[in-house]
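Bear in mind that the values in this text are calculations on the coordinates, not laboratory data. Note that the coordinates shown come from a computational prediction; the quantities given were computed from them, not determined experimentally. So basically every Cβ, Gly included, is an ideal-geometry build from the backbone, and we count neighbours across all protein chains shown.
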Amino acid sequence: MEMAAWETFIRSTALHVFIRTYEPWVWPACETLHYLGLSILLGTVGLFDLRVLGLAKGIPIESIHRLIPWGIGGYVVNILTGIIFFVGHPDQYFYNNAFRLKALFMVVAGLNVLAFYGTSAFRELKTLGPDAEPPLRAKVIAGTSLSMWVAVLICGRLLTFYRPPFFH
Amino acid sequence: MNDRFGTTVELVVFAAFIAAVFIVVMTSLTFLSNQCSQGTPVLPAIFPCFQ
């Protein structure tokens, strides 16, 4: 397959040259950070989702929600390290259906976040007591969130098995 | 005892949930691979066939 113009451009950037020059250190360091980021993301947002779905009743939802900024931090780390992976080996991600599926799940997860904070779903949850049953809408959003992040995790692990049959 | 039983049920349900998501992802990727080998891509704009 011919190299596309966008890929030629990415390969001409200083970031690409830096990543490839120091790859033996940059790649493992970013992989480690990527795993930590996802662990923090799932450990906070996933925990919040599970609480909304009915797990660990007795813990106020508002208390668990205080962990969400940690999840956002993990997400930012993963976006930054993900950019480094893509810039380092663009062909191995762009021409990979596991990556495309992962991106699709991330878009759905993003829209789900908008549905949670953009509607009254979150406001309704904040007013609930520790043992109160969350409304169905919040449960659907939490279930979607948990499903999407687990799917993102699985797709990320499967990237290696769906690499394109060529290297540029 | 009831608490322990409840936690076990929750863990089993969670494991089943993870397995279900895994099956959905694997089925989707297998479907995408097969549609290319059969030459009938369904969503070529998002999931093209890479030769």
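Results, tabulated for the structure shown:
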{"item": "Chain A, helix-only ellipticity at 222 nm - DSSP H runs n ≥ 4, -39,500 (n - 2.57), divided by all residues, nearest 500", "result": "-23000 deg cm²/dmol"}
{"item": "At least 20 Å along the helix axis (C-alpha) and Kyte average at least -0.5, DSSP helices within chain A", "result": "A:23-41, A:68-88, A:97-118, A:136-158"}
{"item": "Ranked list, fewest to most other Cβ atoms within 10 Å of each Cβ, for A:148, A:106", "result": "A:106, A:148"}
{"item": "Two-site FRET efficiency, residue B:35 against residue A:168, from Cβ-Cβ distance with R₀ of 25 Å, rounded to 0.05", "result": "0.55"}
{"item": "Choice from A:134, A:60, A:24 with maximal GNM fluctuation in chain A (Cα, 10 Å cutoff)", "result": "A:24"}
{"item": "The stretch A:14-162 - Debye-derived log10 I(q)/I(0), Cα point model, q = 0.09 Å⁻¹", "result": "-0.34"}
{"item": "Residues A:57, A:102, sorted so that the one with the fewest Cβ neighbours within 10 Å comes first", "result": "A:57, A:102"}
{"item": "Net dipole in debye of the stretch A:14-162 [+1 Lys, Arg Cβ; -1 Asp, Glu Cβ; about Cα centre; nearest 20]", "result": "200"}
{"item": "Reduced Cα scattering model of chain B, Debye log10 I(q)/I(0), q = 0.17, 0.19, 0.20, 0.26 Å⁻¹", "result": "-0.61, -0.68, -0.71, -0.91"}
{"item": "Ranking of A:163, A:66, A:20 by count of other Cβ atoms within 10 Å, fewest first", "result": "A:66, A:20, A:163"}
{"item": "Charge-dipole axis of the stretch A:1-138 as Lys and Arg at +1 and Asp and Glu at -1 on Cβ define it, positive-most pick from A:27, A:104, A:60", "result": "A:60"}
{"item": "Rounded to 10°, Cα long-axis angle of helix B:2-37 versus longest principal axis of chain B", "result": "10"}
{"item": "Stokes-Einstein translational diffusion, the stretch A:67-147 - Kirkwood Rh over all Cα pairs, 0.890 mPa s, 25 °C, in µm²/s", "result": "165"}
{"item": "Zone of residue A:21's modelled label, taken as backbone nitrogen in the stretch A:60-102 under 19 Å from a point 7 Å along Cα→Cβ", "result": "A:84-90"}
{"item": "Neighbourhood net charge (13 Å Cβ-Cβ; Lys/Arg +1, Asp/Glu -1) for residue A:52", "result": "+1"}
{"item": "Computed label-point distance, nm, for sites residue B:10 and residue A:103 using a 7 Å Cα→Cβ extension", "result": "3.8"}
{"item": "Of A:144, A:127, A:81, the one that fluctuates the most in a GNM where chain A has Cα springs shorter than 10 Å", "result": "A:127"}
